[in-house]
1. Counting Lys and Arg as +1 and Asp and Glu as -1, each charge on the Cβ, what is the dipole of chain B about the Cα centre in debye, to the nearest 20?
2. Which residues, if any, in segment A:7-28 have at least 20 Å² less accessible area in the whole protein complex than in the isolated chain, probe 1.4 Å?
3. Interface size between chain A and chain B, please: total buried accessible area, 1.4 Å probe, rounded to the nearest 100 Å².
4. If I compute solvent accessible area with a 1.4 Å probe over the protein chains, what percent of it on chain B is carbon and sulfur?
5. Expressed as a whole number of Å, what is the distance separating the alpha-carbon centroids of segment B:174-253 and segment B:48-85?
6. Evaluate the distance, in nm, between pseudo-label points positioned 7 Å from the Cα of A:A49 and of A:E18 along their respective Cα→Cβ axes.
7. Pairs of Cα atoms under 8 Å, at least six residues apart: use those to get the relative contact order of chain B, whole percent.
8. Ordering B:V48, A:V67 by accessible area with a probe of 1.4 Å, largest first, what comes out?
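The values are calculated or read from the model by the stated rules, or taken from the named source; none is laboratory data. Worth saying up front: this structure is predicted, and the values here are computed from it rather than measured. Positions of Cβ are generated from backbone atoms using ideal geometry, with glycine treated the same way; all protein chains shown enter the neighbour counts. Ligands, DNA and RNA are stripped out before the accessible areas are found, and what is left, the full protein with its side chains, is counted by its heavy atoms. Shrake-Rupley method; radii C 1.70, N 1.55, O 1.52, S 1.80 Å.
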Amino acid sequence: MSETNYLDGNAAAGSLSELFAVDLTAAVARCNGCGHTAVFAESRLYVDAPGMVARCPGCESVLLRVVKTPNDTYLDLRGLTYLRVPSS
Amino acid sequence: MERTAIRRRLTWQVATVTDVRRETGTARTIVLEVPDWPGHLAGQHLDVRLTADDGYRASRSYSIASAWSDSQGSTIELTVEQVPDGEVSPYLVDVLKVGDPLEIRGPVGGWFVWKPEQDGPVQLIGGGSGVVPLRAMLRAHAHTGSTTPFRLLYSVRRPESVIYVSDLKELASSDDVDVRLVYTREAPAGEPRVGRIDADVISKYAFTPQDGATTYVCGPTPFVETVADLLVAAGHDPARVRTERFGPTGGPR
């Protein structure tokens, strides 16, 4: 993992829109590792893996993973204490 | 945008290329006709998916370059910079032609967006093709007749690398819009400064922390990190700095 090979949470919007009815990139996410709380769009997104991995910009813990197989999509939300979605 | 208030599960759809414009040696603007386009906010993006004959698929996320209004209906523009050894961009830049179908999904992303009703001035800072979503915001500003002060700081390698040359000239003629180019390798005659955006450039040309501006920074990841750090060091509220990064691959798979 080099210094700057990551994108950010904005780039996960398309994949997440397949799974969720609301836009999660604008939701506030709290990291279960360090408590860093920020908009999901500001998380670090690594796409050079077998899937998509979002990491905390504060402590680099995994927040979320999305992995696709030919038949299914795996969604791993292990690193999120919560997602706060604006009501509208 | 009431029509997008009712969210549907987003699916892939087929758009048709209606025009291709050369912006620079490596960048093209692709005009797409998308049936039932629900409209988009300036700054949103979409995913493009290519499928090879053997079924192999690759997708990338691209910023939408155009603003949307009812009168444009189903026409949108993307501007794509060719990434050396890229999987998707060389096809979009060199091969795709008028009349071709293109599979897309969007609009997506609700964070890196500007809405005309938003409070406060707007500072745009783009590096290279990071100017694309910023151009959509400038376009939205012009379309809606907004008088919100807009400033664009646009970092490019050399004069030939500038995307939207004539467009930016036209936009800069507005009293409410200030456009400033920063050349990192080679500047045109009469422009003495060659170098990256630094603290000096930020303090001279960007809104100050007291102006209450929202700042949008888009470009390659190292560019965005550097500029965001400079802004925070200059006293800007991190909560008012919105960023969008793209990597050497030009976007996610």
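1. Working: 28 positive and 33 negative charges, 58 e Å.
Around 280 debye, computed over chain B.
2. The answer is A:L7, A:D8, A:N10, A:A11, A:A13, A:G14, A:S17, A:E18, A:A21, A:D23, A:A26.
3. 2000 Å²
4. Values: 5610 of 11510 Å².
Carbon with sulfur: 49 percent of the solvent-accessible area.
5. Cα centres, segment B:48-85 to segment B:174-253: 25 Å.
6. According to this spin-label approximation, the distance is 1.7 nm.
7. On the way: 513 pairs, mean separation 49.3, N = 253.
Normalised by residue count, the contact order of chain B is 19 percent.
8. Details: B:V48 0, A:V67 40 Å².
Ranking B:V48, A:V67 by accessible area, largest first, yields A:V67, B:V48.
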